[in-house]
């Protein structure tokens, strides 16, 4: 057990855990066993079946309940006398403000997305509370310690933007299965079942005949005289048949590419299934619409099987019918969700049919679900190890044992004989806009971009602000809040639609804008530079934010090694900094030159961290781990699965 | 490998881990039988991990009655003395573990594993021992080796904030991934007895100090007839004497086994829950690798010390034979 001083520090401590998922369950258990008495835990999620293989505090009977609350009850069973305070809530809710964070001695993250991590990082900086951050994917994981002013903050190393695909690759020239998934999920599924008012490129590149005119909007609505089957076939024939024919008519596109072949339902379903019905009955006993399944209707069981074109076509039509017949109320509001069986079936079938059309190998529902849902591979063991390492660092933090803080990487293949590799934390990055006050630079066409573009694409998407306030000098241009009076709200909404140069206080080249988030207590200044032209494909935002660069410290080598006994040589070891459920970033830690231990004085250095990149998965046996080195994109959110081949 | 399919229930439950190790590995796991002897904190962590992973069966052995000390890193047993009612540690752990995954058969076996005959061992694919004396470790390891089938043997122990795992996979062939290629690779493991008999002068330079320190403590406990972990600071003089003898016999500088480290190992008999979680996690991964035949296994020792934070693999085998 721990030393007396450690035990005292542990007993007095009040800790906040953010996340009660894969890492969270392990962490709460290990904290409780280690003697922690006062633990608060925030998690907005409810329990799902696919959590049960590793989130061991939960049982089948808990599915649907709050993770934070069930985790508390499970831990109190073996440590009944400690205090655990659960919050079934989003850590970004306003109640969790700087004052809330200030009551804790340390904050421990076991989160599954970049957005929430950035938010917690800012609150910890503002409240001056130490943060121990963590992430895992498969057999890889890491724990890092972030202390304001002493070590780098979570955002000191810029996180890569999610990879996005050129629109035309998705709409017209897919060459990989993932392109078909993106099309099926973000275009077709969204078009048929999502918000009708959302802009959608489903038809954009298919030709003028079905361009984004009013007429085309109606095309995807079911007509009054159509039954489900007729409607499904009309959609099918349109997107897999007619649209492909239209695309083929543009011969220029296919000069150096394989031509796709149009697919019509009548050619696939010859004879026996022409008038197929009655299958809905197999789902008729189901009261809960969220459990209807086209696979069940059609008697397909194994999600690992790759369906034939006929089976995909039947699943496509059947799932469409089930949406219309059983889940009509949701249509118009649906957003793709990896845990929505019917949605996964529809997207798998649609992606496969499109893949067949373009000569791309089809995939099983299991694989398609992994790609569409950005599912990260997760096992109990890595989470347990990482949780143990978090507690070890948390205890050091409580004792202010500054010299011994470590970031630790859990590796799949040993580096210098190590599977668990401790590295001394880095100093804060002086150009980090989050923990230092360095201004950023924004290149933008001030005559074309509206304030709305700036708010959505920069302030929210890039700077990760939740409740922003934008000022030019002493003039307030925009703010968000509950306590604004009507005049202000009207004023701000009209500002949103104005281009920057025409705002009440015009924003032009040379202007310095101040952007603040009152909840995160983060302020940053942005120098505006006017620029006329932007490359549509490379700079789709029509703006370019810079100034937040990798610390020179990361590039040069100026960190002393964690320990000076081991003189063995250099290794370049990739380490993935990941999240439990959603992939994020990876750090490549490489050590420097080979030395003898006698040469390593306390000032010399050999370890340094280098580039930050991403990738989804390290296991080569994964089907989707082929030559494709740039995975997924798409919905503009940061929590997408990405990967990148290591150098 | 037979091509029996996983059930829908299994596919749904194991979705995230099948994405890590594949359907084939999951099938092998579900047919594997694991025996653990000595169910303190580290082994409990290990049991949780493999039961969640979906092995076929787990057999627990530990006839000790529950004490406060035995429960310090145990999250399976509520601290309610009335509920113990004369049950052994293994029996009390068994019920909770069943609850973690209804698809895994968890049972208890009574008695002393080292006294059991060969056909008892034949039922298992993996044997894990903990809280076990030097001679029993050797004996059980030998019994595993004598079985007509290959039984993977692991010995695991934590003292203070340090942990040690020993692995014997005998003659182990697996598919090693090298970039895009898969090559078949065979590793020869020494038994525990052979490994600890390797002359220290033949070991690679800078072997983890924990390796030497553990051997000294082990030797001390054996000589005094103590159960593993039954030590205190009062034993330090005797332990230092054994260190001196060993180092002289092995021509090793005594500074390779610092007093401070020996002191920690003697005094820190109460478990460190974070270290149990880390060692139990690494052990879980290793056993999953050995069953599935996927991934590079540890050969043949793993050490972790929370003080420096390193988790290190050491190959302690005869350099000429590799085993």
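Any read-out appearing in this document is the output of simple, stated calculations on the displayed coordinates, not a laboratory observation. Keep in mind that this is a model prediction, so the values were computed, not measured. Here the Cβ is made from the backbone with ideal geometry for all residues, glycine too, and neighbour counts use every protein chain on show.
A few comments on the model shown:
- Note on segment A:320-397: semi-axes of the ellipsoid equivalent to its C-alpha gyration tensor, largest first and rounded to whole Å, are 38, 19, 9.
- Here the scattering of segment A:440-546 is modelled by Debye summation over its C-alpha atoms, one equal scatterer each and no solvent; at q = 0.22 Å⁻¹ the log10 of I(q)/I(0) is -1.26.
- Gaussian network model of chain B, springs between alpha carbon atoms under 10 Å - residue of B:185, B:98, B:150 with greatest fluctuation: B:185
- Over segment B:196-267, the alpha carbon radius of gyration divided by the compact-protein estimate 2.2 N^0.38 Å works out to 1.04.
- Over segment B:3-91: Kirkwood hydrodynamic radius from C-alpha pairwise inverse distances, Å: 14.8
- Treating each Cα of chain B as one equal point scatterer and applying the Debye formula with no solvent, the log10 of I(q)/I(0) at q = 0.07, 0.13 Å⁻¹ comes out as -0.28, -0.99.
- At an R0 of 45 angstrom, the distance between the Cβ atoms of residue B:176 and residue B:12 translates into a FRET efficiency of 0.90.
- Within a Gaussian network of chain B (alpha carbon springs, distance under 10 Å), most fluctuating of B:285, B:17, B:170: B:17
- Within 10 Å of the Cβ of each residue in A:414-426, the mean number of Cβ atoms contributed by other protein chains is 4.
- Principal semi-axes of the equivalent ellipsoid, √(5λ) from the alpha carbon gyration tensor of segment A:16-62, are 20, 12, 8 Å from largest down.
- D_trans [Stokes-Einstein, Kirkwood Rh over alpha-carbon pairs] for segment B:86-188, 20 °C, 1.002 mPa s, µm² s⁻¹: 132
- Within the listed set B:130, B:201, B:114, the residue fluctuating most in the Gaussian network model of chain B (springs between alpha-carbon atoms under 10 angstrom) is B:201.
- Ranked for footprinting exposure by Cβ neighbours inside 10 Å, fewest first, B:67, A:173, B:182 give B:67, B:182, A:173.
- With Cα atoms as the point set, segment B:1-151 shows a radius of gyration and Dmax of 16.3, 48 Å.
- Segment A:70-187: C-alpha pair distances exceeding 24 Å, %: 49
- Computed on the Cα trace of segment A:405-470, the radius of gyration divided by the Kirkwood hydrodynamic radius gives Rg/Rh = 1.23.
- For A:134, B:96, the sequence from fewest to most other C-beta atoms within 10 Å is B:96, A:134.
- Put in order of Cβ neighbour count within 10 Å, fewest first, the listed residues B:162, A:432, A:410 become A:432, B:162, A:410.
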